[in-house]
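What follows draws every value from the coordinates through simple rules; no lab data is involved. Because the structure is predicted, anything quoted here is derived from the model rather than measured. Here Cβ is always computed from backbone atoms with ideal geometry, including for glycine, and neighbour counts include all displayed protein chains.
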Amino acid sequence: MVSIWFFIGISLAVNGALILAAGIYQVVYPPENPGVVLFNLHANVWWGAILLVIGAAYCLKFAPRRQQ
Amino acid sequence: MTQLLAIAVPTRLVHLSPIDVVIVVFYFVLVLSIGWYLKGRANTGEDFFMAGREMTAWVAGLSFLSANLGALELMGWAGSAYQYGILATHWYWIGAIPAMLFLALVMMPFYYISKTHSVPGYLKLRFGEPSRALSAVSFAFMTVLMSGVNMFAMAKVMQIVLGWDINFSIWVSSLTVAIYVTLGGLRSAIFNEVLQFFLIWAGALLIPILGLYEAGGWANLKVLIAQRASEQYVHLWSGLGSFSNNPMGINWVGIVFGLGAIISMGYWTTDFLVVQRILAAKDIRSAEMAPIIGAGFKMFVPIIVILPGLLGLAVLPEKLVPESVATLTGGHSYNDVLPLMLARYCGPGLLGLGVTALIAGFMSGMAGNVSAFTTVWTYDIYRPLINSKGTDHHYVNMGRWTTIVGVLISVGTAYLVMQFASIMDYVQALFSFFIAPLFGTVVLGMLWKRATSAGGFWGLLCGTLSSITMWTWVKIDPTALRYVALSPNAKGLAQDMFQALWSFLVCVLVTVVVSLATKPVPDGELSGLVYGLTEVPSVGDVPLYEKPLFWAALVTVVFVILNIIFW
């Protein structure tokens, strides 16, 4: 059976990649009105990257082939 | 999805970007995929209702915690932190940690070795059919109401944050839960709860991080709160000497004995919604470790629930008001603080994850209620009282249909809940009705061999009735609160604490008196059910760092230190 930790890895990695991509887009094309406070910290870039790394690590460690 | 977003009302807090919509949709696809993947592993009663009893300590422990991380946790307690300050943290620390450790070290061995499938099932073994029937019916009633509360809270958040129609939110979330629980049973619910646990942290942790940055750190946050509210909002214990010295209108007796010793013990040790996750553990050591792992994480949940409420008090430009006032003025209520903070800090992508975290929290609570309701209905009401001759396959089918029916009843309940002004007061009242007396009955059953079947039944019934009587008395005559809580300065939450305390004492008193007046149960019939007559199995010859007692001691030390730091 596929480990639950693998599903969690997929979830974190996909969400992390999407958030990171959105963050990089905003760095390259900064919006005129960001709509959030502390926009200058670009939280979606580093938070997305953190989620992507953790998710990828889970995916690798608990991949179904490796578990077998 | 464009069509769905078009249902929106114009008062929405935020607008989801396409990337946010993708993240939300991906979450729904993933949880449904997990349910679909697990559908072939829910063919027997043991699989469908008990997840095959093969969960590791980590999976059972995180699921145990996640089932409790529902709508009330995320939105309600953030609102309570805004309203009452750091006092709301008591519900996470003294109102949870001792009870979870007590469950792990004292009660879990009895639940586990009796091989019961539910808490009412244990009452059947210990006190007989009447106690089981009373407990099962009251639990089923409570759990669908709780599920309705969850749905309503979720729909409200979706309305405030995204402008989604309240009916649309209720039906989409409830149908999703119905599908994945019907397909995969408890295993599917547990797997999704663990996933949801991670998503909740991933989506909510950024709010306190950015909030503390904006407020200038914890020390500056305390100064801001003292300026905008009161210095007592950041003290856990120092204002609890009397009812009038703290924003909650409660004293330390209510917190320690009402919340810590009764309500939390009742909830964390006898509420089948959470206990069911532990019963699915693969062995006795995992069953003991799971609540300890849950307790370890529970201590840090205030970071994503209480801290955003406190930060809202310090940094939000507008002043939030009670739900009843917000309804009249069109402003935002205390319960809106978490979505408001989410909108304040989270841009594209992060907003989608934050919204997903809220949805995940709501759905995990709902799935927990539905799966627990399904098991209790099938095993504790339908099988003993309606059809005791069905096959295992028949009961699994009954479980699947009950899941769907349970969701539909919950949807109906959600519409009823809309009539109540305060979500929290409503649920606290429910806890007091059933949970406190049930804890009295179960703990006496486990620890006192002289307790008899008649004593257990009448104690449970009288405790529950006393609780309902007190609640009704105060509802009819609010000045009666001074008698229930023993102070003219007591406020609403104090009533719940003292009501639970009295109903527990009534339950214990009646159980003791009736038991002493009736014939004792022979010791031989109590083996495996009562302390002193049961050989509790050892966790095995394992190193110190693998022993549940070691980790329980460590959690206790951290718990004490945290209370001293925030005294």
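Which ordering of B:D541, B:D392, B:D496 is given by a fewest-first count of other beta-carbon atoms within 10 Å?
Ascending Cβ contact count within 10 Å gives the list B:D541, B:D392, B:D496.
Got a sec? How would A:S3, B:S364, B:S410 order by Cβ neighbour count within 10 Å, fewest to most? Each step should come with its number before you reach the end.
Working: A:S3 17, B:S364 32, B:S410 28.
With the fewest neighbours first, A:S3, B:S364, B:S410 line up as A:S3, B:S410, B:S364.
Would you please classify the overall shape of the stretch B:95-144 from the alpha carbon gyration tensor, given that a ≥ b ≥ c denote the square roots of the eigenvalues, rounded means a/c under 1.5, and beyond that prolate means a/b larger than b/c while oblate covers the rest?
Numbers: a/c = 2.65, a/b = 1.34, b/c = 1.98.
Oblate.
In whole Å, what are the extents of the stretch A:4-67 along the principal axes defined by its C-alpha atoms, from largest to smallest?
Dimensions of the stretch A:4-67 along the principal axes of its Cα atoms: 48, 18, 12 Å.
Determine the shielding of peptide B:58-64 by partner chains: average, over its residues, the number of Cβ atoms on other chains within 10 angstrom of each Cβ.
1
Quick check on chain B: helices-only [θ] at 222 nm, where DSSP H runs of length 4 and up contribute -39,500 (n - 2.57) each and the sum goes over total residues. Nearest 500, please.
-21500 deg cm²/dmol
Along the charge dipole of chain B, Cβ charges K/R +1 and D/E -1, which of B:P247, B:F197, B:Y531 sits furthest on the positive end?
Going by the Cα projections, it comes out as B:Y531.
What is the pair-distance distribution P(r) of the protein assembly as shown, computed from all Cα-Cα distances in 10 Å bins starting at 0, with each bin given as a whole percent?
Binned Cα distances yield the sequence 3, 16, 28, 28, 17, 6, 1, 0, 0.
To make sure I understand, if each residue's beta carbon is the centre and we count other beta carbons within 10 Å, what order do B:K222, B:K298 fall in, fewest to most?
B:K222, B:K298
Kyte-Doolittle mean at least -1.0 and Cα extent at least 18 Å along the axis: which DSSP H helices of chain B qualify?
For chain B, where a helix must reach 18 Å along its axis and average at least -1.0, the hits are B:18-37, B:129-162, B:166-204, B:284-298, B:350-375, B:392-417, B:423-447, B:453-476, B:492-517, B:548-565.
Where the Cα atoms of the stretch B:280-422 are projected onto their three principal axes, how long is each span, largest first, in whole Å?
Over the stretch B:280-422, Cα extents along the principal axes are 63, 41, 27 Å.
Let me check against my output: what whole-number percent is the relative contact order of chain B, with C-alpha pairs under 8 Å and at least 6 apart? Working shown, then result.
Values: 1010 pairs, mean separation 158.2, N = 567.
Computed over chain B, the figure is 28 percent.
Taking every pair of alpha-carbon atoms in chain B, what share in percent sits in each 20 Å bin, from 0 to the bin with the longest distance?
All Cα pairs considered, the percentages come to 22, 58, 20, 1.
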